[in-house]
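Notes to accompany the following structure.
The values are calculated or read from the model by the stated rules, or taken from the named source; none is laboratory data. Quantities reported herein were computed from a predicted structural model and do not represent experimental measurements. For neighbour counting, all protein chains shown are included, and Cβ atoms are generated from backbone atoms with ideal geometry for every residue, glycine included. The area values use the complete protein model at the heavy-atom level, side chains included, leaving out ligands, DNA and RNA. Shrake-Rupley method; radii C 1.70, N 1.55, O 1.52, S 1.80 Å.
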Amino acid sequence: YNAMLEQGKELPYASLYTSMDIAVVPWTRCRLEGADNMRVGWPCAHMGLVHSRRLVGILAEMLEGEKTGEDAYIEEDEDTLLHELSLSLEDEPEDEGMLFRRGKLLLDCGYYGLAVRDLSRLIKVRPDFPEAYLLRGKALRRKISYDENPIYNRAVRDFSQVIRLKPGWAEAYYERGVCYALLNDWSDAVDSWDRALILNRDLYPAYLARGLGRMKRGDIAGAVEDFTEVLRIQPDEPEALHFLSELGR
């Protein structure tokens with residue numbers, strides 16, 4: 001290492017991380033540019049990295065030059081990961097990292113009711129965790145048919161809680177606007193999308209949604225402006241092209 005420093009070379013470094021980390025949000029920030037990035041291949045939250053004897057063993061061998069640590073990175077299919085998370089939660093039913101990871105995985109796999117259950121458990125343990133409310137709101141919105149207004153209202157409450165806890169999160173305003181639109185409350189929907197776009201001028205789904213909302217309210221010029229903004233960010237976005245064609249633009 002001294003020789004490398006004398007030659008002006010950078011020392012090699014590694015980042016071993018877990019995708020169930022809720023202390024580093026999002027967990028992808030654990031991946032460092034230029035590092036040997038390795039995700040641990042077993043259910044493990046943030047503090048679990050500190051207490052894991054297996055990880056300490058890997059680190060010791062890496063420092064001794066006996067291995068590069070590649071075996072710490074293990075690709076797992078969704079069913080396997082769900083099974084392992086479920087087994088771990090049987091032993092530690094209130095583990096925040098594992099509840100968050102399983103809830104998100106269930107949401108991504110389309111098991112919306114089960115995702116709501118896990119995220120509700122997490123919120124009971126961590127009522128100040130905005131990411132949990134955001135995911136539960138998404139699961140509620142996707143869980144139901146278009147005539148189940150009470151559950152859409154529950155989703156609105158979750159997104160509003162995200163906004164209270166983390167006021168600068170544009171995605172929460174966007175998602176809340178979608179729920180208002182599904183409740184046929186286009187005024188509040190457009191207001192939420194306005195706020196989302198104040199926070200993130202390149203959030204093109206919000207332009208697309210607001211353009212539709214403006215069409216519903218008869219603001220054709222505003223709708224054209226929004227769909228044009230969508231194409232500035234995503235030039236081939238088919239819905240924006242369709243609506244502009246429908247409006248004769």
Completion exercise
Filter segment 53-83 for residues that are closer than 17 Å to Ala115 by Cβ and surrounded by 14 or more Cβ atoms within 10 Å (Cβ to Cβ); the one that is modelled with the highest pLDDT is Leu82
Fill in the blank from the handout: Picked from segment 206-229 (must be surrounded by 19 or more Cβ atoms within 10 Å (Cβ to Cβ) and not hydrophobic (A, V, I, L, M, F, W, C)), the residue farthest from the chain's Cα centre (by Cα) is Arg214
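Per-residue answers, yes or no, for (1) in contact with a strand residue (DSSP E or B) (Cβ under 9 Å, 6 or more places away or on another chain); (2) touching a residue at least 24 places away in the same chain (Cβ under 8 Å); (3) more than 21 Å from His46 (Cβ to Cβ); (4) open to solvent by less than 50 Å² (accessible area, probe 1.4 Å):
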residue: Arg101; (1), (2), (3), (4): no, yes, no, yes
residue: Tyr111; (1), (2), (3), (4): no, no, yes, no
residue: Pro127; (1), (2), (3), (4): no, no, no, no
residue: Ala139; (1), (2), (3), (4): no, yes, yes, yes
residue: Asn153; (1), (2), (3), (4): no, yes, yes, no
residue: Ala172; (1), (2), (3), (4): no, yes, yes, yes
residue: Ala181; (1), (2), (3), (4): no, yes, yes, yes
residue: Asn200; (1), (2), (3), (4): no, yes, yes, no
Exercise for the section: Output yes when any residue across segment 226-239 is in a helix (DSSP H, G or I), closer than 18 Å to Tyr174 by Cα, without any contact (Cβ under 8 Å) to a residue 24 or more places away in the chain and of a type in the set (Asp, Glu), and no when none is. Expected result: yes
